[in-house]
Ligand SMILES: Cc1ncc(COP(=O)(O)O)c(C=O)c1O
């Protein structure tokens, strides 16, 4: 009988799909790594399971424990699936800008959700980072994975996503592009692919309102770069340890509107019903490709999550008009 022991065993081996229409006028081939095909519908399943397994091995997470994490939703989903498989409880802190769908989904898989204000500094006691840390201190036998600085995050992508892309492209991948949040995805894959092909170019997709691009280009952590933006999952007001700036060759910033409009194009023109940061990643990757991609080049861009989590936003015409993203 061909069955898995638990749904978490279905994580990984996601499809690589050619983009055919949004790439008009681009030289070379652009392929999308479709991560919503993971059971939790996002790329974050991969690192969530790895963080838990590594914590168990290190003796930090013990039977009956509680997993507490600050998450934009997708990591929480991955952690919740692994927690069900292994018998842990979950409490997640989310910023209130995250979509309602993401919060409902976490509750659906049995997690407790604590909603925190978005527009406070990371070190403010009410930020979703600080609340997660405080709960971890207060609740006995709890584990705070801290996806930003936990290097199991990068390792998950070095061990799975990177090798998958190398094998699926038969070693022909020349460019690798992904949105940067915790940095685990881009850094883990870049490490693996650059070991295989040192000439591989890595392009990080950043948001306006985030610190990454300026930090890469100047080495300055500029607080003036930080302001509220709407795109979910990428860009940061901190420098997570998982962002390996040495492995990212350049950053491109994508506006909320350009990302949102491209997300809808991916659904309509490619049949890829993806989330907002996927539109941002493709928009930024294609900006880079327009200038730099040559015939024969193969660019892989990662699409992190599924469109269902954005039905009230990107895929809602009224909301898109209210934001001024469409006429
Ligand atoms: C929707 C979405 N896109 C992109 C990312 C960024 O991936 P990473 O944290 O590996 O940089 C995340 C991470 O939270 C996400 O939830």
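Just a few scattered comments:
- Helices (runs of 4 or more DSSP H) completely within the range 59-177 that count 3 or more residues being surrounded by fewer than 22 Cβ atoms within 10 Å (Cβ to Cβ) and more than 18 Å from the chain's Cα centre (by Cα): 74-86, 100-108, 128-138, 162-168
- Failed condition for residue 95, given (1) modelled with pLDDT under 95; (2) farther than 19 Å from residue 145 by Cβ: (2)
- Listed conditions (1) within 30 Å of residue 222 (Cβ to Cβ); (2) touching a helix residue (DSSP H, G or I) at 6+ places or on another chain (Cβ under 7 Å); (3) within 16 Å of the ligand (Cβ to nearest atom) are all met by residue 105, apart from (1).
- Filter result (touching a residue at least 60 places away in the same chain (Cβ under 8 Å), more than 15 Å from the ligand (Cβ to nearest atom), in contact with a strand residue (DSSP E or B) (Cβ under 8 Å, 6 or more places away or on another chain) and closer than 30 Å to residue 103 by Cβ) within the range 13-57: 17, 52, 55
- Total residues in the range 274-313, condition within 11 Å of the ligand (Cβ to nearest atom) and either assigned to a loop (DSSP other than H, G, I, E, B) or free of Cβ contacts under 8 Å to residues at least 12 places away in the same chain (or both): 2
- As a summary of the residue check, residue 232 satisfies the conditions (1) at pLDDT 95 or above; (2) crowded, with 21+ Cβ neighbours inside 10 Å; (3) within 14 Å of the ligand (Cβ to nearest atom) except for the one numbered (1).
Rundown of residues vs (1) in a helix (DSSP H, G or I); (2) free of Cβ contacts under 8 Å to residues at least 60 places away in the same chain; (3) surrounded by fewer than 24 Cβ atoms within 10 Å (Cβ to Cβ); (4) in contact with a strand residue (DSSP E or B) (Cβ under 6 Å, 6 or more places away or on another chain), yes/no style:
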{"residue": "202", "(1), (2), (3), (4)": "no, yes, yes, yes"}
{"residue": "224", "(1), (2), (3), (4)": "yes, yes, yes, no"}
{"residue": "238", "(1), (2), (3), (4)": "no, no, yes, no"}
{"residue": "241", "(1), (2), (3), (4)": "no, no, yes, no"}
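- Scanning the range 260-273 for residues that are in a helix (DSSP H, G or I) and touching a residue at least 40 places away in the same chain (Cβ under 8 Å) gives 260, 261, 262, 263, 264, 265, 266, 267, 269, 270.
- When residue 181 is tested against (1) over 24 Å from residue 51 (Cα atoms); (2) within 11 Å of the ligand (Cβ to nearest atom); (3) part of a loop (DSSP other than H, G, I, E, B), exactly one condition is not met: (1).
The values are calculated or read from the model by the stated rules, or taken from the named source; none is laboratory data. Nothing here was measured: the structure is a model prediction, and the numbers come from that model. Virtual Cβ from ideal backbone geometry, glycine too; neighbours counted across all protein chains shown.
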